[in-house]
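The structure under discussion appears below in the form of structure tokens.
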Amino acid sequence: MLGGSLLSGEVWRTRDFAYEPVEARYYRKLDGERVQCLLCPHECVVASGRRGHCQVRENRDGTYFSLIYGRIAAFHNDPIEKKPLYHFMPGSLAFSLATAGCNVNCKFCQNWELAQRRPEDLPFVLYRPEEVSIRALEWRSSSIAFTYNEPTVYTEFIVEAAAEARSRGVKTVLISNGYINEKPLGDLCEVVDAYKIDLKAFTESYYREVVNGRLSSVLDTLIRLRERKIWTEIVYLIVPTLNDDPKSLEQMATWIRNNLGDDVPLHFSRFYPKYKLKNLPPTPITALEKARNLCLDAGLHYVYIGNVPGHEGENTYCPQCHKMLIQRLGYRIIKNHIQNGRCLHCGNEIAGVWQSF
Ligand code: SF4
């Protein structure tokens, strides 16, 4: 996951490089040179010389700084299906990049080498906001994906890079835990095109004990994205015995249908033992199938199974005529029967963002 191949002129920097941090945008000053970060619901109060919980924002003599503005620790050109976004320009490429840091601490973190590290622990390439979309165009990527670690922690950079991308006709997607306050989310919604939100469970106790966050804040984000008409897909990683209770899955499906609508794609993803949860087995495929059937029965139109290549749950079916619309194999599109946003068989409108360049 770390790294990426360089273009000429790009250089990997190490901790010896004199990196200049950039003043953070979302904070307020308190007495005694303390600051309070207002970027995410943790709202850390940080003394001078200390960092916030995410380890990428630092108080220097009463001024708060981002330590990861443009400090890119990994980049790759990925299929958009890898994010996963299934209803957003299928078959296109997303120039995908990451920094260090995250504002939560999932015990199963699948990208802990980036997300649970301090900036100085990783080599990096320095990007200016406009360089991200220039690089995306060079790589023939239709979009830029801020992914692998939590994009919220470098919102300042993303807002500027996404505005530059829009001016060049490149779309921007965020792969996020949704743990962000209303004001920075609103600034992002002005310039980004799609969000994938990890809904990690549907109980506060799981968020408290396994994630170190709050479910209610993530649900607020989902509703705000809906209100702002930002295309959103949801991923739910099923961790055996911890968040696979049918009752809470049913409650989640009902909540999604009532608050976001039945057209929001929901992806059930397979867990593999990683980081601090190596004691649990991979998710049984039957558990993914049960969860999918339960949510389809609850009225959601597009429910997928991820991390199981070749499974029929990877495909998109028309909710009206039930014929297959997009056949996938892993990250590849085998067939696509959506034309101008409609089912080629019956003409039903299919929710999503379908045009590419
Ligand atoms: S973004 Fe980081 S510093 Fe700011 S409130 Fe969240 S965890 Fe704390």
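The values are calculated or read from the model by the stated rules, or taken from the named source; none is laboratory data. On a predicted model such as this, the values are computed, not experimentally measured, just so you know. Note: ideal-geometry Cβ built from the backbone for every residue, glycine included; neighbour counts use all protein chains shown. Ligands, DNA and RNA are excluded from the accessible area calculation, which covers all protein heavy atoms including side chains. Shrake-Rupley method; radii C 1.70, N 1.55, O 1.52, S 1.80 Å.
Quick one: putting +1 on the C-beta of Lys and Arg, -1 on the C-beta of Asp and Glu, what dipole do you get for the chain around its Cα centre, in Debye to the nearest 20? Could you put the intermediate results ahead of the total?
Details: 44 positive and 41 negative charges, 84 e Å.
Roughly 400 debye, rounded to the nearest 20.
If you plug the beta carbon distance of Glu209 and Asp262 into 1/(1 + (r/R0)^6) with R0 = 25 Å, you get a FRET efficiency near 0.20. Computed over protein heavy atoms with a 1.4 Å probe, the carbon and sulfur contribution to the accessible area of region 71-313 reaches 49%. Compute the angle between helix 285-297 and the longest alpha-carbon principal axis of the chain, please, reported from 0 to 90 degrees and rounded to the nearest 10. The two axes meet at around 70 degrees. Computed over the chain with a Gaussian network model linking Cα atoms closer than 10 Å, the most mobile of Asn340, Asn315, Asn149 is Asn340. The 3J(HN,Hα) values that the Karplus relation (6.51, -1.76, 1.60; θ = phi - 60°) gives for region 197-210 are, in residue order, 10, 7, 9, 7, 5, 10, 9, 5, 5, 5, 4, 6, 8, 10 Hz. Gly and Pro appear as x. Looking at region 44-125, the trypsin sites (Lys or Arg not before Pro) that sit in a DSSP loop and have at most 14 other Cβ atoms within 10 Å of their own Cβ are Arg50. In this simple spin-label approximation, Asn293 and Asp61 carry label points 7 Å from Cα along the Cα→Cβ vector, and these lie 6.6 nm apart. Using a simple spin-label model with pseudo-atoms 7 Å out from Cα toward Cβ, Glu23 and Arg342 lie 5.4 nm apart.
Taking the charge dipole of the chain about its Cα centre, with +1 at Lys and Arg Cβ atoms and -1 at Asp and Glu Cβ atoms, the residue from Ser96, Ala165, Tyr179 reaching farthest to the positive side is Ser96. For trypsin sites (Lys or Arg not before Pro), the sites in region 185-258 that DSSP calls loop and that have at most 11 other Cβ atoms within 10 Å are Lys229.
Given axes a ≥ b ≥ c from the Cα gyration tensor, I'd like to know whether the chain is rounded (a/c under 1.5), prolate (a/b larger than b/c) or oblate. Cα axes put the chain in the prolate bin.
Count the DSSP beta bridges whose two residues both fall in the chain, then state the antiparallel fraction as a percent rounded to the nearest 5.
Of all bridge pairs located within the chain, approximately 55 percent are antiparallel.
Rounded to the nearest Hz, the phi-derived 3J(HN,Hα) couplings of region 333-341 under the Karplus curve 6.51 cos²θ - 1.76 cosθ + 1.60 (θ = phi - 60°) are 8, 8, 9, 9, 10, 9, 10, 6, x, where x marks glycine and proline. Only protein heavy atoms count here; under a 1.4 Å probe, His322 has an accessible surface of about 130 Å².
Once the Cα-Cα distance is subtracted from the 0.36 nm per residue extended length, the Ile223 to Lys274 segment shows a gain of 15.3 nm. Treating r as the C-beta distance of Lys183 and Glu33 and R0 as 25 Å, the FRET efficiency rounds to 0.60.
Kindly express, to the nearest 10 degrees and within the range 0 to 90, the angle between helix 129-138's C-alpha long axis and the longest C-alpha principal axis of the chain. The two axes meet at around 40 degrees.
Listed here are the pairs Lys83/Lys196; Lys196/Lys247; Lys107/Lys278; which of them are more than 19 Å apart at the Cα?
Lys196/Lys247
Think of a 1.4 Å ball rolled over the protein heavy atoms: the chain then has 42 Å² of accessible area per residue.
A straight chain from Thr14 to Ile334 at 0.36 nm per residue would run longer than the Cα-Cα distance by 111.0 nm.
For the chain, the mean residue ellipticity at 222 nm estimated from helices alone is -6500 deg cm²/dmol, where every DSSP H run of n ≥ 4 contributes -39500 (n - 2.57) and the total is divided by all residues, rounded to the nearest 500. Between Phe88 and Val353, the built amide H atoms are under 5 Å apart, and every one of these is 5 or more places off in sequence or on another chain.
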